Amino acid sequence: MSKYWSDFVHQLEPYVPGEQPKMNKLVKLNTNEHPLGPSPKVLEVIRAEADDRLRLYPDPDSAQLKEAIAAYYSDKGYGVEREQVFVGNGSDEVLAHLFLGFFKQDKPLLFPDITYSFYKVYCGLYQIDYESVPLDDELAIAVDDYLKPNGGIIFPNPNAPTGRLLPLSDIERLLQANTESLVVVDEAYIDFGGESAISLINQYPNLLVTQTLSKSRSLAGLRIGLAVGNAALIDGLNRIKDSFNSYPLDRLAIAAGAAAFDDREWFDKGCELVISQRDWLDGELAQRGFESLPSAANFLFSRHPQHSGESLAKGLREQGVIVRHFGKPERIADYLRITVGNPEQNQALIEALDTLL
């Protein structure tokens, strides 16, 4: 705290990221990082780019990366053009720009009460009025609860931290009933069990889809995020970006991101690993009395009816395994968000739970 702070800084409640522990030999299952490393082709292009050209500014348009993203989704039949793609320094920066650019409205922004906690932080930062819409009794998003006047709608799909997937049919129903404001689908985890709403962007000009390369493409350390939508929406994001930081992505990130989208075989291999390990882990947890929500993400949201979430998280940490425990709101206080690791990490988790239980 400083006497030089403005009153506004005192009012902020910053986002608290998952712990990045400094201790060695911890089994780290708390921040949803990919258990498989990045594509060898990604590492190859990073080495190739790390030369004298680092003295030069990178391409402010990140054209190489945008073209790779557009090509990937066009090959899936979505018909995405480069002008429909925006990229930024992690999806958090992309989200920050769109909150400022689209959600400062006369009516409140709507998002789930249990969801990515950065949404409330952005509302505080930009002084955006919002309304938290409760998840239903099964901790799922109920589309009908969003069919009311609003200044925008945003939600992750699959939702975080629950991992539950909203079908594209429900998203389309929401878009059809909500034509006067923007709907943002935040797809950080979509590649682990769902179909992207990017398939709908050419039908609905009020749809914007955000993604990250931190999860399914194993590049959390490079900070690359993107948005895909109507070209007019992307133009608005570019206006904000160029009023804030014209060079959000460095030369290495642009080349690495493009390579990650180009290496589809490695991407498919990584997703298959996570999905198979998620199914195995879900079964092992169920055998030990855990109740897990249906997950389409690279994590499980699980509780044990006879043990508190706090005590389980503490006990696991004492055995060298860290998972995410939120504690609030109260109805998820007994849940743990458990990242799906590699087979060795997942086995270590199960053995630690056997000791605790």
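The values are calculated or read from the model by the stated rules, or taken from the named source; none is laboratory data. Every value quoted in this text rests on a predicted model; they were computed, and no experiment measured them. Heads up, the Cβs are rebuilt from the backbone with ideal geometry, glycines too, and the neighbour counts pull from every protein chain shown. Just so you know, the surface numbers come from the protein's heavy atoms only, side chains and all, with ligands and any DNA or RNA stripped out. Shrake-Rupley method; radii C 1.70, N 1.55, O 1.52, S 1.80 Å.
What share of the DSSP beta bridges in the chain is antiparallel, in percent to the nearest 5? So the antiparallel bridges amount to about 50 percent of the total.
What is the calculated FRET efficiency for GLU180 to ASP113, with r their C-beta to C-beta distance and R₀ = 25 Å, to the nearest 0.05? According to the calculation, E is roughly 0.60.
When the P(r) of the chain is calculated, the portion above 27 Å amounts to 49% of the C-alpha pairs.
Segment 216-299 gives an Rg/Rh value of 1.14, both radii derived from C-alpha positions and Rh following Kirkwood. Here the label points at THR355 and GLU131, each 7 Å from Cα along the C-beta direction, are separated by 4.9 nm in the simple model.
Counting only aspartates and glutamates at least 8 places from LYS269 when in the same chain, those with an alpha carbon closer than 16 Å to its own are GLU33, ASP191, ASP279.
Can you tell me which of LEU174, LEU95, LEU12 moves the most in a GNM of the chain? Springs connect C-alpha atoms under 10 Å apart. Most flexible of the set in this elastic network: LEU12. Hydrodynamic analysis of segment 1-116 uses the Kirkwood radius over alpha carbon pairs. Inserted into Stokes-Einstein at 10 °C and 1.306 mPa s, it gives a translational diffusion coefficient of 82 µm²/s.
Checked against a 26 Å cut-off, the cross-linked pairs LYS3/LYS107; LYS41/LYS120; LYS107/LYS215; LYS25/LYS314 give Cα-Cα distances beyond that limit for LYS3/LYS107; LYS41/LYS120; LYS107/LYS215. Looking at the chain, the accessible area is 46 square angstrom per residue; that uses a 1.4 Å probe and ignores ligands, DNA and RNA. Among the protein heavy atoms of segment 101-237, carbon and sulfur supply 46% of the accessible surface, probe 1.4 Å, non-protein parts ignored.
Computed on the Cα trace of segment 188-261, the radius of gyration divided by the Kirkwood hydrodynamic radius gives Rg/Rh = 0.98. Given 20 °C and 1.002 mPa s, how large is the Stokes-Einstein diffusion coefficient of segment 100-214 in µm²/s, with Rh as the Kirkwood radius over Cα pairs? So the translational diffusion coefficient is about 151 µm²/s.
Each principal axis of the Cα cloud of segment 280-341 was evaluated for its coordinate range; sorted largest first, these ranges are 27, 24, 21 Å. Taking label points 7 Å from Cα along the Cα-to-Cβ direction, ASN342 and GLN105 give a separation of 4.5 nm.
Taking 0.36 nm per residue of separation and subtracting the current Cα-Cα distance, fully stretching the chain between GLN64 and GLU310 would add 84.0 nm.
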